[in-house]
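Q: Attaching a single structure in structure tokens format; questions to follow.
The values are calculated or read from the model by the stated rules, or taken from the named source; none is laboratory data. Note that the coordinates shown come from a computational prediction; the quantities given were computed from them, not determined experimentally. Please note: Cβ atoms are built from the backbone with ideal geometry, for glycine as well, and neighbour counts cover all protein chains shown. Heads up: the accessible areas ignore ligands, DNA and RNA and are worked out on the full protein's heavy atoms, side chains in. Shrake-Rupley method; radii C 1.70, N 1.55, O 1.52, S 1.80 Å.
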Amino acid sequence: MYASREDIGYDFGDDSKVGSKPIKPNPNIDGGWAWMIVLSSFLVHILIMGSQMALGILNMEWLEEFNQSRGLTAWVSSLSMGITLIVGPFIGLFISMCGCRKTAIIGGILNALGWILSAYASNVHYLFLTFGVTAGVGSGMVYLPAVVMVGQYFQKRRALAQGLSTTGTGFGAFLMTALLKYLCTEFGWRNAMFIQGAISLNLCVCGALMRPLSPKDAVGEKCVVRSNSEDNRAKALSHSAETIKSNGVLSEESEKKEEATHEEVLDSVQHVEAGGKSRSRRSMYGLRLLKTVSQLTLTVRKGFAIWYSSYFGAASLFTNRVFVAFVIWALFAYSSFVIPFIHLPEIVKQYNLSSQNNVFPLTSIIAIIHIFGKVILGIISDLPCISTWNVFLMANFTLVTCILTLPLMQTYVSLAVVCALIGFSSGYFSLMPVVTEDLVGTKHLANAYGIIICANGISALLGPPFAGWIYDITHKYDFSFYISGLLYMVGIIFLLIQPCIQKKQPREKSTEEAQA
């Protein structure tokens with residue numbers, strides 16, 4: 001295993017637990033307004049992820065209303081969940097141009113619009129567009145900024161902060177399930193969706209709380225001093241990752257030239273405004289419009305250049321091999337967590353454990369322990385002597401072991417123990433933004449985490465149908481767990497191999513230089 005983050009090539013200057021000291025600590029970093037950001041992110045997880053976990057209530061109403069097949073109707077909730085994650089890379093473009101606050105507010109409006117329009121659905125295909133696509137894209141536009149802002153405001157306690165904010169998913173699953181059940185019973189599913197749309201407008205309030213750090217604060221956040229021994233070790237172990245830092249997203253020279261050109265335009269506009277008081281108001285409005293358009297053009301061009309370079313330029317995130325391995329892992333990981341929720345009820349019925357499961361459902365055990373797992377793993381990861389990467393890997397190994405052994409359990413107690421371990425180990429979801437930020441730095445977090453959740457979205461979309469297809473062929477639920485577990489193990493192996501390659505390459509290079 002790896003002793004520290006530096007051992008896998010994490011040298012990006014955004015934070016370091018060992019041997020680093022902020023030059024000018026900002027009171028809002030790891031404290032102050034940072035906890036309001038955590039509260040905002042917590043509420044976002046309740047309203048978005050919690051609502052999506054409670055869609056089973058609405059799914060039953062849609063089946064009864066539209067008389068369509070279960071498979072076709074299930075695509076409504078699957079689209080909403082999948083699109084929320086898959087649009088991540090494109091939401092990164094919005095964040096680069098508009099910032100997290102504006103992106104989240106626009107997403108809140110779009111999400112609420114999707115819920116309200118769905119109240120007037122005449123068929124399932126209408127729900128595909130209004131709820132699956134519209135509400136899904138809106139959810140993605142709020143979810144990604146909520147995760148990114150927590151990463152920007154925390155350095156020492158990032159894992160704990162992410163753990164606390166993501167527990168909103170578990171609380172939201174309980175709260176939103178009870179709320180939607182009550183609303184559907186009292187007012188019908190159409191009015192329930194209309195009311196839920198009004199509630200979703202609170203996402204705009206959550207977005208308004210995402211106050212961006214000023215450039216001065218960001219500089220203070222990133223200025224760290226390392227010891228010489230750490231520098232030498234980090235240089236030797238972060239060869240491909242340094243490509244992103246050395247090249248940058250935009251070259252400073254081209255950025256300065258572009259800004260200078262636009263500043264000349266703005267100065268000329270302001271000069272004309274000052275000397276043209278005697279002119280008509282119409283011409284003044286035209287000049288102000290030109291100034292606004294010029295500023296907007298500059299913002300859009302810079303934002304698009306940052307987004308494009310992160311994916312396709314010389315400083316592409318994909319030049320970091322460990323990050324590529326992380327993306328491959330994400331393609332297999334999420335479905336392995338979703339599949340137990342789908343097949344556990346059938347396994348319980350197969351082993352005649354329905355009476356015990358009705359008293360305390362196994363899926364509820366996973367959901368409850370999952371909340372505690374996120375917080376506890378976050379606290380452990382923030383300890384100075386503990387590596388977040390090692391905690392992340394150990395949690396993954398525990399989860400894949402549970403997935404592979406769950407079909408072998410035939411008693412309620414043994415299944416409950418395995419489900420509790422699944423819930424606890426799956427708390428590593430709160431560590432994903434932390435590991436991503438360690439890999440690419442705060443500057444690239446929005447685009448990088450957008451790719452990760454996109455991979456998770458693909459896994460969430462394709463995993464359950466794939467498991468159902470395996471059952472149709474084998475007529476056994478066991479193989480769904482075995483195959484998904486083996487694919488998950490392949491992803492973990494990628495995470496283990498790439499850091500070793502990262503270490504080996506600099507050593508070989510230094511040997512060749514010594515011989516020369």
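Q: Given the convex hull of the Cα atoms of the range 377-494, what is a quarter of its surface area in nm²?
A: Details: hull surface 34.0 nm².
Reported value for the Cα convex hull: 8.5 nm².
Q: Using the Karplus curve 6.51 cos²θ - 1.76 cosθ + 1.60 with θ = phi - 60°, what ³J(HN,Hα) values do you get for each residue of the range 374-390, in whole Hz, with x for Gly and Pro?
A: Listing the rounded values in order: 4, 5, 5, 5, x, 5, 4, 5, 7, 5, x, 8, 10, 8, 4, 4, 5 Hz.
Q: Provide the per residue accessible area, probe 1.4 Å, for the range 314-505, rounded to a whole number of square angstrom.
A: Numbers: 7140 Å² over 192 residues.
Result: 37 Å² of accessible area for each residue.
Q: Hull surface divided by four, with the convex hull built on the Cα atoms of the range 459-498: how many nm²?
A: That works out to 2.9 nm².
Q: Also, quick follow-up: Tell me, Kirkwood radius of the range 384-442 from alpha-carbon pair distances, in Å?
A: 12.7
Q: Oh, and also: I'm checking a number: the convex hull volume of the Cα atoms of the range 157-203, normalised per residue, in Å³. What is it?
A: Cα convex hull per residue, to the nearest whole number: 59 Å³.
Q: Ignoring ligands, DNA and RNA, how do 66, 466 rank by accessible area with a 1.4 Å probe, largest first?
A: Accessible-area ranking of 66, 466, largest first: 466, 66.
Q: At 1.4 Å probe size, with the rest of the protein present, what percent of the exposed accessible area of the range 314-505 is carbon and sulfur atoms?
A: Carbon plus sulfur share of accessible area: 73 percent.
Q: Heavy-atom accessible area of residue 411 with all protein chains present, probe 1.4 Å, nearest 10 Å²?
A: Looks like 70 Å² after rounding.
Q: Simple spin-label model, 7 Å along Cα-to-Cβ: residue 376 to residue 497 in nm?
A: 3.3
Q: Multiply the residue separation of residue 35 and residue 483 by 0.36 nm, subtract the distance between their alpha-carbon atoms, and state the gained length in nm to one decimal.
A: This chain segment gains 157.2 nm when fully extended.
Q: Sticking with this one: Label points 7 Å out from Cα along the Cβ direction at residue 413 and residue 472: separation in nm?
A: 4.0
Q: If I compute solvent accessible area with a 1.4 Å probe over the protein chains, what percent of it on the range 62-178 is carbon and sulfur?
A: Carbon plus sulfur share of accessible area: 68 percent.
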